[in-house]
Amino acid sequence: MYCELPFYHFYIDGNWTKPCCDNTEIYKSTLDFNNKNLVNFRRKMLTGVKPESCSECFLKEESGVKSYREYNKQINPNPVYDHDNGVMKTKPFTFDIRLDNVCNMKCVMCGPHQSSKWLDDLDIYEEYVDPKVSYKQVKIDRLQNLDLFIDMMRDNAKLLSLLGGEPFQMKSVSTILQSLSDWNRKNTKILITTNANVKNNNPLFNILKEYDDVNFMVSIDGFNKVNDYIRYPSTWNEFLLGLDLLKKHAKIIKFNLTVSALNFPDLDNVQQLADDMNIELILNYLHEPDFLSVNSLKPELITNNEFTKTYKFNSRNNMKMKRYLSALDERRNLDSQKILKWCWI
Ligand code: SF4
């Protein structure tokens, strides 16, 4: 079988579930690891096909970049399941959960589903990205059934990956970590994806001290001013201070960057920083919103690498990207023409 991850991994963001974060299939969440969509997906894997929705992994592996599938191979928790129909007999061992959207930033490629701060600029999001988004609905739905999540993880989870929102701002993250058992404190690897905009007195640090294996995935989307523009209202100095603080509490820190039109020409600068700090840089493709993908950059800016194998210039999206950046510039008092020059060529 191409990938065993869907047999032990549970992705939940409260509203949705899917085989993993890199998979493009999305199902309504029922909090049931044997819900019919996940079982069908496993059955497909058991027949030996490579599901189309796994293309992110194929593309990365073909380009020699480590895929999500390969990152997770080392976990190997030996799930038990019915080989004829994909129904699980064991509970999930690894979890990717995003239970609320409380965040202190409103990144350019993000939106209200993942950041409460986007509420300030909701009119811009509705005009350019999704006119039907309902912020209030998103927020309320995702906080239901916290006890059920906790029960699934208690004395069982090998890896707990917490995303948001910003986990250092989210009460649900503290509640989950305080509610797990002594077994979890010793045996569960905690992986928190954070924007590093965090202060020493954040109460989550005290909770994390009780866990033996704490790791951070730090989101970075550019070097210095480019990061500040994209990850608004982050400032580079605060980011570096936060990074130093996280290093004191973590076993391992990695950088995570989403490659888009906003930062493609700045990738070498971030790679240099990562090399200087001896931190692994993990790159992901931006799919949504599509007008911010690399396809919105003019052909003369495109260099051949794994992110441009399927590059095709989209002039309509190039114009839309410019209108969107202008709207954000005006609202946030920024100057994308100066900071993200390549978007304006
Ligand atoms: S997208 Fe990758 S990691 Fe996810 S189920 Fe498919 S092959 Fe596995």
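Things to note:
- Relative contact order of the chain, defined on C-alpha pairs under 8 angstrom at six or more residues apart (%): 12 percent
- Of the residues Phe205, Cys107, Ala274, the one whose Cα sits farthest towards the positive end of the charge dipole of the stretch 93-344 is Cys107 (charges of +1 on Lys and Arg Cβ, -1 on Asp and Glu Cβ, taken about the Cα centre).
- Contour minus Cα-Cα distance for Leu46 and Arg185 (0.36 nm per residue): 46.6 nm
- Springs between Cα atoms under 10 Å define the GNM used for the chain, and in it the highest mean-square fluctuation of Arg231, Arg185, Arg332 occurs at Arg332.
- In the stretch 152-201 the Cα-Cα distances spread across 5 Å bins starting at 0 as 5, 21, 28, 23, 15, 7, 1 percent of all pairs.
- Contact order for the stretch 280-345, expressed relative to its length and based on alpha carbon pairs under 8 Å spaced 6+ residues apart, stands at 31 percent.
- Estimated dipole of the stretch 1-90 in Debye, rounded to 20 [Cβ of Lys and Arg +1, of Asp and Glu -1, Cα centre]: 140 debye
- Choice from Asp268, Asp276, Asp13 with maximal GNM fluctuation in the chain (Cα, 10 Å cutoff): Asp276
- With Cα atoms as the point set, the radius of gyration and Dmax of the chain evaluate to 20.0, 58 Å.
- Computed extension gain for Arg331 through Asn200, at 0.36 nm per residue and net of the alpha carbon distance, reaches 44.1 nm.
- Based on Cα contacts under 8 Å between residues 6+ apart, the stretch 1-90 shows a relative contact order of 31 percent.
- Set of aspartates and glutamates near Lys44 by C-alpha distance (under 14 Å), chain-local residues within fewer than 8 positions excluded: Glu4, Glu25, Glu52, Asp82, Asp84
- Listed pairs Lys247/Lys338; Lys66/Lys89; Lys312/Lys338; Lys91/Lys186; Lys199/Lys320 exceeding 28 Å between Cα atoms: Lys247/Lys338; Lys66/Lys89; Lys199/Lys320
- A simple spin-label model places pseudo-atoms 7 Å from Cα toward Cβ; at Glu210 and Asn237 they are separated by 3.6 nm.
- Magnitude of the charge dipole, the chain, Cβ model with Lys/Arg +1 and Asp/Glu -1, debye to 20: 260 debye
- Helix-derived mean residue ellipticity, 222 nm - over the chain, DSSP H n ≥ 4, -39500 (n - 2.57), to 500: -9500 deg cm²/dmol
- Note on Ser55 and His83: their simple-model spin labels are 3.3 nm apart, each label 7 Å out from Cα toward Cβ.
- Reciprocal mean inverse distance between Cα atoms of the stretch 1-90 - Kirkwood radius, Å: 13.4 Å
- Put the Cα centre of the stretch 45-78 next to the Cα centre of the stretch 269-345 and the gap is 26 Å.
- Positive-end extreme of charge dipole, the stretch 141-270 - chosen from Leu262, Asn156, Leu146 (charges on Cβ): Asn156
- Reachable aspartates and glutamates from Lys254, criterion Cα separation under 12 angstrom, eight or more residues apart if same chain: Asp275, Glu280
- Candidates Glu166, Glu330, Glu238: whichever shows maximal mean-square fluctuation once the chain is modelled as a Gaussian network with Cα springs under 10 Å: Glu330
Each value in this text was obtained by applying a stated rule to the coordinates, not by laboratory testing. If you're wondering where the values come from, they're calculated on a predicted model, not measured in any experiment. FYI the Cβ positions are ideal-geometry reconstructions off the backbone, even for glycines, and counts take in every protein chain you see.
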